[in-house]
Amino acid sequence: MSALEQVDPDVAQIIRFEEQRQQQVLEMIPSENYASAAVMEAVGSVLTNKYAEGYPGARYYHGNAEVDRVEDLGRERAKALFGMDHANLQPHSGAQANMAVYLALLNFGDTVMGLQLDAGGHLTHGSPVNASGKQYNFVPYAVDRETHLIDYDVMERLAKEHQPKVIMTGATAYPRLWDFKRAREIADEVGAILIADMAHLAGLIAGGAHPSPAGLAQVVTSSTHKTLRGPRGGMILCDANLRRKIDSGVFPGSQGGPLMHVIAGKAVMLKEAATEEFKQYAHQVVANAKTLAQVLLDAGFTLVSGGTDNHLLLIDVTKNGLTGVEAADALEAAAIVVNFNSIPFDEHGPRVGGGIRFGTPAITSRGMGEAEMQQIGEWMARVLRDVKDSAEHARVREEVLALTAKFPARGVPVR
Ligand SMILES: *Cc1c(COP(=O)(O)O)cnc(C)c1O
């Protein structure tokens, strides 16, 4: 019996059931993935016991020789992998990374531009319910009503009109490529700092499957657990001249002691993400998403922007007479896990959504390829044809479980 089973059988059982769920379902939430067993071993280590406020070589606690080495190792790997001058691995999450950067670069009330939320922007890019939207004056830029592509001419016009100090790029639900070069030109025209929030894209960028913001964005923020397949957490990269400001925005600006066990997990993730195998993974994620898009288009669905260039897709389910929640509920009954989401110019509120958002990072980590995408697209079409047909959902579920049993999820024990 494990220590956990002995001490707390309730929590142990919940974890076992969650392991089973993660093995059984098709996990298609595009921000989720499977961390490797090596990453989880580092995160489950004794480094959780150590206080290390400060940075390597300049801590406010003693006994940091070993954790200094792991944080330095991780920072060097991050700089090399993403081609940036400086890395900070301490943010507890992607949201914390963004808030620390705002604190470092802005005064409260300053103007920032970010992608409109229903066009795929993140909460931390100025949502009125988030501290970003309360503390700073966010001016949203949008996507084109027809193409659903970011309209950089509008971004430029708004930048000239509002003179932001910072322009945020990056999104949580945008299926196309970012033009960081154009965004930097716009930022330079108005003297703004360009930030690329690559939370969703970090793994694709590391693997060369999406253009890199290095050399264009002065600051890059990220989550570490999405396409990058690391432990749950955040990260900031920046140009050399911003190093001091950014570091102090994290600590002491907005955090206390760093999670050294998670930083060790990030170091392991960064080693894994620099391999040839990871490059192939990143390209396969995109190839799988494109195949899935084609299957769904052939089945008559309407995709936001008409398809995808990255790891994620959005279906406009209003065209099927559904809300996002209805569609996502039906799919979950069939063991296909997606999330409901706003779509550009959505008429539903964010708690219902006119779309579903899903992607290929986690299922590609299981080793699934284009043949499986064909099958999954057909299952999605069968489920969404009639969201009330629970007998059909149960039939699809059986087929899904037969498939997932053949593709074990890495890092998740099979019991
Ligand atoms: C996921 C995400 C974040 C926040 O990351 P957390 O780790 O969940 O805090 C920030 N920005 C974008 C664009 C994201 O997609």
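Readers should treat all values here as calculations from the given coordinates under stated rules, not as data from a laboratory. Since the model is a prediction, treat every value here as computed from it, not as a measurement. With ideal geometry, Cβ positions are generated from the backbone for all residues, glycine too; neighbour counts draw on all protein chains shown.
Brief remarks follow.
- With helices as the sole contributors, the chain gives -13500 deg cm²/dmol at 222 nm; each DSSP H run of n ≥ 4 counts as -39500 (n - 2.57), and the sum is divided by every residue.
- In nm, spacing of pseudo-spin labels at Ala65 and Lys134 (7 Å Cα→C-beta vector): 4.5 nm
- Backbone HN-Hα couplings from phi across the stretch 64-71 [Karplus 6.51/-1.76/1.60, Hz, Gly and Pro as x]: 9, 3, 6, 5, 4, 5, 6, 5
- Residue pairs, from the table Lys245/Lys271; Lys79/Lys165; Lys79/Lys271; Lys279/Lys406, whose Cα atoms sit over 22 Å apart: Lys245/Lys271; Lys79/Lys165; Lys279/Lys406
- Between Ala274 and Val7, the modelled labels are 3.4 nm apart [label points 7 Å from Cα along Cα→Cβ].
- The DSSP beta bridges internal to the stretch 150-250 are antiparallel in roughly 40% of cases.
- When the GluC sites (Glu not before Pro) in the stretch 306-415 are filtered for DSSP coil states and for at most 13 other beta-carbon atoms within 10 Å of their beta-carbon, the remaining sites are Glu347.
- Its convex hull of Cα atoms gives the stretch 278-406 a direction-averaged projected area, equal to a quarter of the hull surface, of 7.4 nm².
- Considering only the chain, percent of DSSP beta bridges that pair antiparallel, nearest 5: 55 percent
- For the chain, alpha-carbon Rg over 2.2 N^0.38 Å: 0.99
- Protection proxy ranking, peptides 401-414, 283-296, average beta carbon neighbours within 10 Å, highest first: 283-296, 401-414
- Overall Cα dimensions of the stretch 230-281, principal axis frame, Å, largest first: 38, 26, 12
- In a fully extended conformation the segment linking Ala371 and Ala287 would gain 29.1 nm over its present Cα-Cα distance, using 0.36 nm per residue.
- Point-to-point label distance, Lys406-Arg145, nm (Cα→Cβ direction, 7 Å offset): 4.7 nm
- Ranked His125, His261, criterion: other C-beta atoms within 10 Å, fewest first: His261, His125
- ³J(HN,Hα) computed for each position of the stretch 223-238 - Karplus, 6.51 cos²θ - 1.76 cosθ + 1.60, integer Hz, glycine/proline x: 8, 10, 10, 8, 5, 7, 6, x, x, 4, x, x, 6, 10, 10, 7
- Residues Arg351 and Asp153, FRET efficiency given R0 of 45 Å [Cβ-Cβ distance, rounded to 0.05]: 0.85
- Label zone at Asp329 (point 7 Å along Cα-to-Cβ), backbone N below 12 Å, the stretch 357-391: 387-389
- Couplings 3J(HN,Hα) for the stretch 273-281, derived from phi with the Karplus relation 6.51 cos²θ - 1.76 cosθ + 1.60 (θ = phi - 60°), are 6, 8, 8, 4, 4, 5, 4, 4, 4 Hz, where x marks Gly and Pro.
- Share, in percent, of DSSP beta bridges within the stretch 40-273 that are antiparallel, nearest 5: 45 percent
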